[in-house]
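The values are calculated or read from the model by the stated rules, or taken from the named source; none is laboratory data. It should be emphasised that the depicted structure is a prediction, and the values quoted were computed from it without experimental measurement. Using ideal geometry, Cβ is built from the backbone for each residue, glycine included, and neighbour counts are taken over all protein chains shown.
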Amino acid sequence: GQQVMQIPQYQHVQEGEDFTTYCNSSTTLSNIQWYKQRPGGHPVFLIQLVKSGEVKKQKRLTFQFGEAKKNSSLHITATQTTDVGTYFCAGPGNTDKLIFGTGTRLQVFP
Amino acid sequence: DTGVSQDPRHKITKRGQNVTFRCDPISEHNRLYWYRQTLGQGPEFLTYFQNEAQLEKSRLLSDRFSAERPKGSFSTLEIQRTEQGDSAMYLCASSRGADLETQYFGPGTRLLVL
């Protein structure tokens, strides 16, 4: 079945350092969505990318969708303690359900 | 609050008991999804509804699980004869139902089966 993998599984950074998580799908995706889940919280939608090669920015966050629409990345510049959480990518399955990636847990040390 | 709500937020039960969870989606949203999330994993799809019709069920949804959305608004997820392996966070999400539509998640119900 369709699989969505993310690396790394964990990332510990010093506040102010950059962070990147990579997402890879076993199949071509019509779109990719990114969610953030704080410890003890629920997934919160961040952004959706639809076009091949698309790049979108939200303040210190940069999201990219690969040319082949099978991979994506999230880059955070100058991390802050408020960035702590698990970042999930998710792509649509063969119907409307979302297939979530394995997640990257980010810890930021002050 | 116009977001997705879920009740209860936490449930502790003994193995073999039945439990029922409720989800109230965002009011104008036609689609409602149930996911299950275990510690350290991403949410896994269980089932979804378009209005009152249940359109897809995951193989994760054994015969002990049943979901309903009788009037196309709120939904319930029932687990019969709970097992310790059912312990997880049960997340509900809703969307308007258009193509490529974002799903908005509720706070989840955390289930612990003793």
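Quick notes on this one:
- Pairs with Cβ under 7 Å, 6+ apart, first in region B:19-42 and under 25 Å from A:Y87 (Cβ atoms) and within 11 Å of chain A (Cβ to nearest Cβ), second assigned to a loop (DSSP other than H, G, I, E, B) and acidic (D, E): B:R31/A:D96
- Pairs with Cβ under 8 Å, 6+ apart, first in region A:13-28 and farther than 16 Å from A:Q3 by Cβ, second hydroxyl-bearing (S, T, Y) and part of a strand (DSSP E or B): A:T20/A:S73; A:T21/A:S73; A:T21/A:Y87; A:T21/A:T104
- Verdict on B:L77 being farther than 30 Å from A:L106 by Cβ, part of a strand (DSSP E or B) and touching a Cys at 6+ places or on another chain (Cβ under 8 Å): yes
- Condition check for B:K14: away from chain A (no Cβ under 14 Å), at pLDDT below 90 and farther than 18 Å from B:T102 by Cα: no
- Sub-7 Å Cβ pairs linking a first residue in region B:44-57 that is within 12 Å of chain A (Cβ to nearest Cβ) and at negative phi to a second residue that is among the acidic types (D, E) and in a strand (DSSP E or B), at least 6 apart or interchain, are B:T47/B:E56; B:Y48/B:E56, ordered by first then second residue.
- Strands (runs of 3 or more DSSP E) within chain A that include 2 or more residues among the hydrophobic types (A, V, I, L, M, F, W, C), at pLDDT 95 or above and in contact with a helix residue (DSSP H, G or I) (Cβ under 7 Å, 6 or more places away or on another chain): A:104-109
- Of the numbered criteria (1) surrounded by fewer than 16 Cβ atoms within 10 Å (Cβ to Cβ); (2) part of a strand (DSSP E or B); (3) of a type in the set (G, A, S), the one B:A67 fails is (1).
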